[in-house]
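Only one structure is covered here, and it is reproduced in the block below.
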Amino acid sequence: MDVKKNKKYSDKERWMCIYPAYVNSKKTIAEGRKIPKTNACEDPNYQEIRDVLAAAGFTVGVENKVYSREKSHEPTIRGRIRVHFKNDDGTPLNPKFPNRDSILLYCGEMIPKLKTRVDKANKPHGSGENPGGGGGGGKKKGKKR
């Protein structure tokens, strides 16, 4: 029995769970958002959460699960992240992140800064071409000779 107590936080099943809905600004609190809308990001996925937490130095695991409050079970919504953030004695591994909320707020802050998100925001619509059509040598209107 004492062996179980000593392995309280190192057991992967005891790690913190994060679903993308926890940090999704499009969700309401009733739909599962756990942080303020101003700190949340738009439509995060499990890969983005995993990347942000791995870059912060956490040990993370990915599970093929769906959040119970999700209405659809599409593959794009699937995914649960497990995060090892406490030592066996209950102290945080990283003093910058003392609790669950600090980790969720960090995810909401860092996901919009990911390179994949920044690249999408900077790309013009229409795959890099002039949106006005423009180009070729058709008739020139309004020009007097």
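The values are calculated or read from the model by the stated rules, or taken from the named source; none is laboratory data. On a predicted model such as this, the values are computed, not experimentally measured, just so you know. Don't worry about glycine lacking a Cβ; one is built from the backbone with ideal geometry, like all the others, and counts go over all protein chains shown.
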Would you confirm whether any residue within segment 4-18 is of a type outside the set (A, V, I, L, M), modelled with pLDDT under 95 and under 18 Å from Met110 (Cβ atoms)?
no
Scope segment 35-71; condition among the aliphatic types (A, V, I, L, M) and farther than 22 Å from Lys96 by Cα; matching residues:
Val62, Val66
Only one of these is assigned to a loop (DSSP other than H, G, I, E, B), out of contact with any strand residue (DSSP E or B) (no Cβ under 6 Å at 6 or more places or on another chain) and either more than 18 Å from Trp15 (Cα to Cα) or at pLDDT 80 or above (or both): Lys144, Lys120. Name it.
Lys144
List the pairs whose first member sits in segment 108-123 and is under 17 Å from Arg50 (Cα atoms), whose second member is assigned to a helix (DSSP H, G or I) and β-branched (Val, Ile, Thr), and whose Cβ atoms are under 6 Å apart, counting only residues at least 6 apart or on separate chains?
Gly108/Val23; Met110/Val52; Ile111/Val52
Restricting segment 81-99 to residues that are charged (D, E, K, R) and more than 25 Å from Val66 (Cβ to Cβ), the one surrounded by the fewest Cβ atoms within 10 Å (Cβ to Cβ) turns out to be Asp89
Residue, farthest from Val60 (Cα to Cα), within segment 19-49, restricted to residues that are without any contact (Cβ under 8 Å) to a residue 60 or more places away in the chain and among the hydrophobic types (A, V, I, L, M, F, W, C):
Ala30
If a residue must be assigned to a helix (DSSP H, G or I) and either among the hydroxyl-bearing types (Ser, Thr, Tyr) or at pLDDT below 90 (or both), how many such residues does segment 19-56 contain?
2
Restricting attention to segment 85-114, which residues are within 21 Å of Thr38 (Cα to Cα) and of a type in the set (S, T, N, Q)?
Asn99, Ser102
